[in-house]
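The values are calculated or read from the model by the stated rules, or taken from the named source; none is laboratory data. The structure displayed is predicted, hence computed values, not measured ones. Neighbour counts run over all protein chains shown; Cβ positions are idealised from the backbone, glycine included. Just so you know, the surface numbers come from the protein's heavy atoms only, side chains and all, with ligands and any DNA or RNA stripped out. Shrake-Rupley method; radii C 1.70, N 1.55, O 1.52, S 1.80 Å.
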Amino acid sequence: MTEPHRFAVTVYYEDTDMGGIVYHANYLKFIERARSALVRGLGLDQNALREGGTVFVVRRIDAEFLAPARLDDALEVVTEIVAATGARLSLAQAVRRDGADLFHARVEIVAADPARGRPRRLPRELLAAT
């Protein structure tokens, strides 16, 4: 994948704490939605993958909170595929507001067989995009 994937997020009241600042765990939801949109944008149907015995599991997340997002902010989640090998996909994700980084994450995803709980190879379409 040569171009980063971009995903728009609007901060709603439900995303914030009493101070109107995005609750820290919601950044994980934002980057999860962006990853799902990335996979969908590559033409992969996660329901069909699951029925065929492949799901994606988060193995590791390194997160860094840089600045707060607030109620009604228009955010952008930028996702870049860093590496794809065998069953693992490494991603760099950033949540931005007006081009300024608010949150960084390094995410490692593993393709797995949900019935056996064992790793399996990444789908060809995903490997081809890297």
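Descriptive notes on the structure:
- With Rh defined as the Kirkwood radius, the inverse of the mean 1/r over Cα pairs, the Rg/Rh of region 1-45 is 1.09.
- Dividing the mean sequence gap of close Cα pairs (under 8 Å, 6+ apart) by how many residues the chain holds gives a relative contact order of 30 percent.
- Share of alpha-carbon pairs per 5 Å distance bin for region 25-119, given as whole %: 3, 12, 22, 24, 17, 11, 7, 4, 1
- Carbon + sulfur, % of accessible area of region 3-130 - ligands and nucleic acids excluded, 1.4 Å: 48 percent
- Charged side chains reduced to their Cβ positions (Lys and Arg at +1, Asp and Glu at -1) give the chain a dipole of some 720 debye around its Cα centre.
- Counted charge near R6, where neighbours are those whose Cβ lies closer than 12 Å (Asp, Glu -1; Lys, Arg +1): -2
- Probe 1.4 Å, protein heavy atoms only - accessible area per residue of region 1-113 in square angstrom: 56 Å²
- Full-extension gain in nm, S36 to T10, via 0.36 nm per residue minus C-alpha separation: 7.7 nm
- On full extension, the segment bounded by D72 and R116 gains 11.6 nm, given 0.36 nm per residue less the C-alpha separation.
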